């Protein structure tokens, strides 16, 4: 059984509120690769429901606080048990908790659950994201 995806919320205004909530993936909703990856991932039932948040829809106060901590244009975030992971650390921790119910999920979890593979592949994933954002004419998440 897959985990339920909770809808995003604009009610979050602080990092503490984000940390206190359920496991959360913060991604760039303009990037087709980020969106597809975020929807592809199903966290194991033991983690419980996960929340997917488009960074471009976040409350400005929360977005500013997150930008001071991590550059969202350089990587997605994964929040789990009060810890915020960024970039390749985020995809690594997501992979450790991901469901392996389909071939593509198993492949993703297998590859990205190795820290050195996640670190090596993440710059290529970010290049794909940046190219897609540029082709769509979208700007940075936080100018």
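The rows are residues; the columns are (1) buried (at least 22 other Cβ atoms within 10 Å of the Cβ); (2) over 20 Å from residue 131 (Cα atoms).
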{"residue": "17", "(1), (2)": "no, yes"}
{"residue": "26", "(1), (2)": "yes, no"}
{"residue": "56", "(1), (2)": "no, no"}
{"residue": "59", "(1), (2)": "no, yes"}
{"residue": "79", "(1), (2)": "yes, yes"}
For the stretch 60-110 the number of residues that are assigned to a loop (DSSP other than H, G, I, E, B), modelled with pLDDT of 90 or more and either more than 18 Å from residue 29 (Cα to Cα) or more than 13 Å from the chain's Cα centre (by Cα) (or both) is 2
Margin query: Just to be sure before I move on: is residue 56 in a helix (DSSP H, G or I), out of contact with any strand residue (DSSP E or B) (no Cβ under 7 Å at 6 or more places or on another chain) and without any contact (Cβ under 8 Å) to a residue 12 or more places away in the chain in the structure I sent?
Written below: no
With criteria (1) surrounded by 16 or more Cβ atoms within 10 Å (Cβ to Cβ); (2) modelled with pLDDT under 90; (3) closer than 25 Å to residue 120 by Cα, residue 5 comes up short on (3)
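The values are calculated or read from the model by the stated rules, or taken from the named source; none is laboratory data. None of the values given here were measured: they were computed from a predicted structure. Virtual Cβ from ideal backbone geometry, glycine too; neighbours counted across all protein chains shown.
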